[in-house]
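Asker: Below you'll find the structure I mean.
The values are calculated or read from the model by the stated rules, or taken from the named source; none is laboratory data. Fair warning: this is a prediction, and the values are worked out from it, not measured in the lab. As a convention, Cβ positions derive from the backbone with ideal geometry for all residues, glycine included, and neighbour counts pool all protein chains shown. Just so you know, the surface numbers come from the protein's heavy atoms only, side chains and all, with ligands and any DNA or RNA stripped out. Shrake-Rupley method; radii C 1.70, N 1.55, O 1.52, S 1.80 Å.
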Amino acid sequence: MRFARPAAFFVKVLRLVGAVTLATSGAAGCGSVGEIGPSGGDARIELFSWWSSPSESRALQALIDVHRRDHPDVKVMNAAAAAANASERRLEERMVEGLPPDMFQSYSGARMMSWVKHNGQEGANKLEAIDDVVASSGWLSSAPASIVESVSYDGHVYAVPVNIHRTNCLFYNKKIFAENDLLPPTTLDELLAVNEALAAKNVVPLAVAARDPSVPASLMWEHIFIMSAGATYYDDLFKGRLDSPDTRKVRAALTAGLKAMKYMNANAEELRWYDAVELVGRGEAAMVMDGDWAKAEFQARGYALDEDFGMVTVGEDAFVYVVDSFVIPRGAAHRDAALDLLATMGSVEGQDALNPLKGSIPSRSDIDISLYDSLSQRAMEDANDPETLFVPSRHLSAPGAFFDPIDKAFWELVKDRNVDRMISAMEAHYYILQDYHAATR
């Protein structure tokens, strides 16, 4: 079965992707190491992926299980690190040292392309072209030109995109909302009102995880900022289209963000994103704002959709998205085995195994919609709705040189509530966005 008008959707959504920035926050070998596949075998693939939570591991395992049907002797080692910043540094070190993993995870686009034009230099290509793989998997013929362009350079394809995640989602504990006769909020005013109502009942309204500063920053920029300033302004801001950030709009959004996090859990700095999901699942907090991967995490932990938890999207008709892809570095020790795995990742079977367990929708258009739950089917419907405004996440639009210091500055703002300093940081770094997008237009 095919979902309606898939080609139109992907052309509309992913026309933006080729021009946007995507962050490679891939995982590295300095954390836990997970072995996927049979314990023996001649072929070993070292995979750098940040997918290491229960739901992510389950989804990746399902994909590997599809691959094992035709490659039973392959062993896949996921060298996953808990700290994204440290893992990215380790990946960069290994690439520079000429000791690359066999393949690694990346968002499509500019950060991935930084390996193709390493340090901006032509002829310093660090990635393997995979034209034959994408053609043989059928992925190339099932995807529109826009998504192909997002992983292509100089006529060659360098990555297989495996999914599309929606990031502007709010998850809530059904029991808490029913007991307090509340509806899940979709607007900023509703969110602040629900927060106050729950706090008055001694319920923690919002679960926040801040062990990685980018997580609470995501809550700000991809949820509260869009609800406050609007998705169009969000898109213009992070694509460097403005002369400077609008101080009035930025101040209003930052102030709203502080209000929204006024009653957050006290242990935020100790938690990773999936720990915040667990707080809501256990009923120790009422809501968590995260991407649709949180849905899969709830389910992997035994919580039932529409019984234990629910989900709404925020930001009117916006669909804020990211795309996960996989690439093969030049000099990979097990190149042929890695190429075979990439082919599986691009296949219908591989994407239909991964995405229902990952919470995302596939990058292919020719999938079996009956395999997906109601929220994923709704995402596909929204994706096909011509009224939907598709907006790339800030991770897609903003290079790391911009959003890394801004994310850290935001978490300092949460602690000391110095809005003026945060606005100054935005203004001081905005030239990075302007220069980057001027160079890519």
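Asker: For residues in segment 79-93 being open to solvent by less than 20 Å² (accessible area, probe 1.4 Å) and more than 21 Å from residue 323 (Cβ to Cβ), which is modelled with the lowest pLDDT? Show your work before the answer.
Answerer: Our first condition is that a residue be open to solvent by less than 20 Å² (accessible area, probe 1.4 Å); within segment 79-93, this holds for 79-81, 87, 91.
Checking the rest, the ones that are also more than 21 Å from residue 323 (Cβ to Cβ) come to 79, 81.
On the way: 79: 75, 81: 50.
Applying the filter and picking the extreme gives 81.
Asker: Output the residues belonging to segment 208-238 that are more than 17 Å from residue 392 (Cβ to Cβ), out of contact with any Phe, Trp or Tyr (no Cβ under 8 Å at 6 or more places or on another chain) and charged (D, E, K, R).
Answerer: 211, the sole residue that qualifies.
Asker: Keeping to segment 332-364, report how many residues are aliphatic (A, V, I, L, M), under 16 Å from the mean Cα position of the chain (by Cα), in a helix (DSSP H, G or I) and within 15 Å of residue 160 (Cα to Cα).
Answerer: Initial filter on segment 332-364 (aliphatic (A, V, I, L, M)): 332-333, 337-339, 341-343, 345, 348, 353-354, 357, 361.
Now restrict to residues that are under 16 Å from the mean Cα position of the chain (by Cα): 354, 357, 361.
Add one more test, that the residue is in a helix (DSSP H, G or I), and what stays is 354, 357.
Subset that is within 15 Å of residue 160 (Cα to Cα): 354.
Selection size over segment 332-364: 1.
Asker: Follow-up. Among the β-branched types (Val, Ile, Thr) and not in a loop (DSSP other than H, G, I, E, B): does that describe residue 367? Spell out the reasoning first.
Answerer: On the way: among the β-branched types (Val, Ile, Thr): yes; not in a loop (DSSP other than H, G, I, E, B): no.
No: the conditions fail for residue 367.
Asker: Output the number of the condition that residue 277 fails; it satisfies all remaining conditions of (1) at pLDDT below 95; (2) buried (at least 24 other Cβ atoms within 10 Å of the Cβ).
Answerer: The failed condition is (1).
Asker: How many residues are open to solvent by 50 Å² or more (accessible area, probe 1.4 Å) and part of a helix (DSSP H, G or I) if we restrict to segment 388-420? So that I can check it myself, show each step before the final result.
Answerer: Applying the first criterion (open to solvent by 50 Å² or more (accessible area, probe 1.4 Å)) to segment 388-420 yields 389, 401, 404, 408, 412, 415-418, 420.
Subset that is part of a helix (DSSP H, G or I): 401, 404, 408, 412, 415-416, 420.
Summing the residues that are open to solvent by 50 Å² or more (accessible area, probe 1.4 Å) and part of a helix (DSSP H, G or I) in segment 388-420 gives 7.
Asker: Being touching a residue at least 60 places away in the same chain (Cβ under 8 Å) and open to solvent by 10 Å² or more (accessible area, probe 1.4 Å) is the filter here; which residues of segment 155-170 pass it? Break it down stepwise before answering.
Answerer: Just the residues of segment 155-170 that are touching a residue at least 60 places away in the same chain (Cβ under 8 Å), to begin with: 158-170.
Selection gives 158, 166.
Asker: Can you find, within segment 96-122, the residue that is modelled with the lowest pLDDT among those that are open to solvent by 50 Å² or more (accessible area, probe 1.4 Å), charged (D, E, K, R) and not in a helix (DSSP H, G or I)?
Answerer: Only one residue tops the list, namely 122.
Asker: Here is a check on your reading of the model: is residue 416 among the charged types (D, E, K, R), over 30 Å from residue 138 (Cβ atoms) and within 23 Å of the chain's Cα centre (by Cα)?
Answerer: For residue 416, the condition - among the charged types (D, E, K, R), over 30 Å from residue 138 (Cβ atoms) and within 23 Å of the chain's Cα centre (by Cα) - is not met.
Asker: Identify all residues within segment 30-58 that are at pLDDT 55 or above and β-branched (Val, Ile, Thr); write none if there are none.
Answerer: Answer for segment 30-58, where residues must be at pLDDT 55 or above and β-branched (Val, Ile, Thr): 36, 45.
Asker: Still on this structure: Given the conditions (1) open to solvent by less than 20 Å² (accessible area, probe 1.4 Å); (2) at pLDDT below 95, which single one is not true for residue 331?
Answerer: If we test residue 331 against (1) open to solvent by less than 20 Å² (accessible area, probe 1.4 Å); (2) at pLDDT below 95, just (1) comes out false.
Results for (1) modelled with pLDDT under 95; (2) outside any strand (DSSP E or B); (3) open to solvent by less than 40 Å² (accessible area, probe 1.4 Å), shown as yes or no for each residue.
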{"site": "297", "(1), (2), (3)": "no, yes, yes"}
{"site": "307", "(1), (2), (3)": "no, yes, no"}
{"site": "310", "(1), (2), (3)": "no, no, yes"}
{"site": "315", "(1), (2), (3)": "yes, yes, yes"}
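Asker: Just to be sure before I move on: is residue 391 touching an Asp or Glu at 6+ places or on another chain (Cβ under 7 Å) and either charged (D, E, K, R) or closer than 14 Å to residue 167 by Cβ (or both) in the structure I sent? Don't jump to the end; show me each part of the working.
Answerer: On the way: touching an Asp or Glu at 6+ places or on another chain (Cβ under 7 Å): yes; either charged (D, E, K, R) or closer than 14 Å to residue 167 by Cβ (or both): yes.
Against the criterion (touching an Asp or Glu at 6+ places or on another chain (Cβ under 7 Å) and either charged (D, E, K, R) or closer than 14 Å to residue 167 by Cβ (or both)), residue 391 qualifies.
Asker: While we're here: Among the residues of segment 318-328, are any part of a loop (DSSP other than H, G, I, E, B), open to solvent by 30 Å² or more (accessible area, probe 1.4 Å) and either in contact with a strand residue (DSSP E or B) (Cβ under 9 Å, 6 or more places away or on another chain) or at pLDDT 95 or above (or both)?
Answerer: From segment 318-328, those part of a loop (DSSP other than H, G, I, E, B) are 323, 328; that's our starting set.
Next, from what is left, pick out any that are open to solvent by 30 Å² or more (accessible area, probe 1.4 Å): none.
No, because not a single residue in segment 318-328 is part of a loop (DSSP other than H, G, I, E, B), open to solvent by 30 Å² or more (accessible area, probe 1.4 Å) and either in contact with a strand residue (DSSP E or B) (Cβ under 9 Å, 6 or more places away or on another chain) or at pLDDT 95 or above (or both).
Asker: Considering only segment 59-68, how many residues are surrounded by fewer than 21 Cβ atoms within 10 Å (Cβ to Cβ) and either touching a strand residue (DSSP E or B) at 6+ places or on another chain (Cβ under 7 Å) or at pLDDT below 95 (or both)?
Answerer: So in segment 59-68, the residues surrounded by fewer than 21 Cβ atoms within 10 Å (Cβ to Cβ) come out as 61-62, 65-66, 68.
Still in the running and either touching a strand residue (DSSP E or B) at 6+ places or on another chain (Cβ under 7 Å) or at pLDDT below 95 (or both): 61, 68.
The number of residues fulfilling the criteria is 2.
Asker: So in segment 421-441, with the set limited to residues that are touching a Ser or Thr at 6+ places or on another chain (Cβ under 8 Å) and farther than 13 Å from residue 239 by Cβ, which one is surrounded by the most Cβ atoms within 10 Å (Cβ to Cβ)?
Answerer: Going through the qualifying residues, I end up with 423.
Asker: Can you tell me which residue within segment 129-154, out of those that are among the small types (Gly, Ala, Ser) and assigned to a loop (DSSP other than H, G, I, E, B), is most open to solvent (accessible area, probe 1.4 Å)?
Answerer: The initial filter retains those residues of segment 129-154 that are among the small types (Gly, Ala, Ser), namely 129, 135-138, 141-143, 145-146, 150, 152.
Narrowing further to those that are assigned to a loop (DSSP other than H, G, I, E, B): 129, 138, 143.
Values: 129: 39, 138: 16, 143: 16 Å².
Filtering first and then ranking leaves 129.
Asker: Next question. Grab the helices (runs of 4 or more DSSP H) fully contained in segment 171-273, keeping just those with 2 or more residues being buried (at least 21 other Cβ atoms within 10 Å of the Cβ) and either aromatic (Phe, Trp, Tyr) or touching a residue at least 12 places away in the same chain (Cβ under 8 Å) (or both). Please lay out each step first, then the result.
Answerer: On the way: elements: 174-179, 188-200, 214-219, 225-229, 231-238, 247-260.
Once the helices (runs of 4 or more DSSP H) in segment 171-273 are filtered for at least 2 residues that are buried (at least 21 other Cβ atoms within 10 Å of the Cβ) and either aromatic (Phe, Trp, Tyr) or touching a residue at least 12 places away in the same chain (Cβ under 8 Å) (or both), what remains is 188-200, 214-219, 225-229, 231-238, 247-260.
Asker: Now for a different question. Would you call residue 376 surrounded by 16 or more Cβ atoms within 10 Å (Cβ to Cβ), assigned to a loop (DSSP other than H, G, I, E, B) and not charged (D, E, K, R)?
Answerer: On the way: surrounded by 16 or more Cβ atoms within 10 Å (Cβ to Cβ): yes; assigned to a loop (DSSP other than H, G, I, E, B): no; not charged (D, E, K, R): yes.
It is false that residue 376 is surrounded by 16 or more Cβ atoms within 10 Å (Cβ to Cβ), assigned to a loop (DSSP other than H, G, I, E, B) and not charged (D, E, K, R).
Asker: Check off (1) surrounded by fewer than 18 Cβ atoms within 10 Å (Cβ to Cβ); (2) modelled with pLDDT of 85 or more; (3) not polar (S, T, N, Q) for residue 76 and give me the number that stays unchecked.
Answerer: (1)
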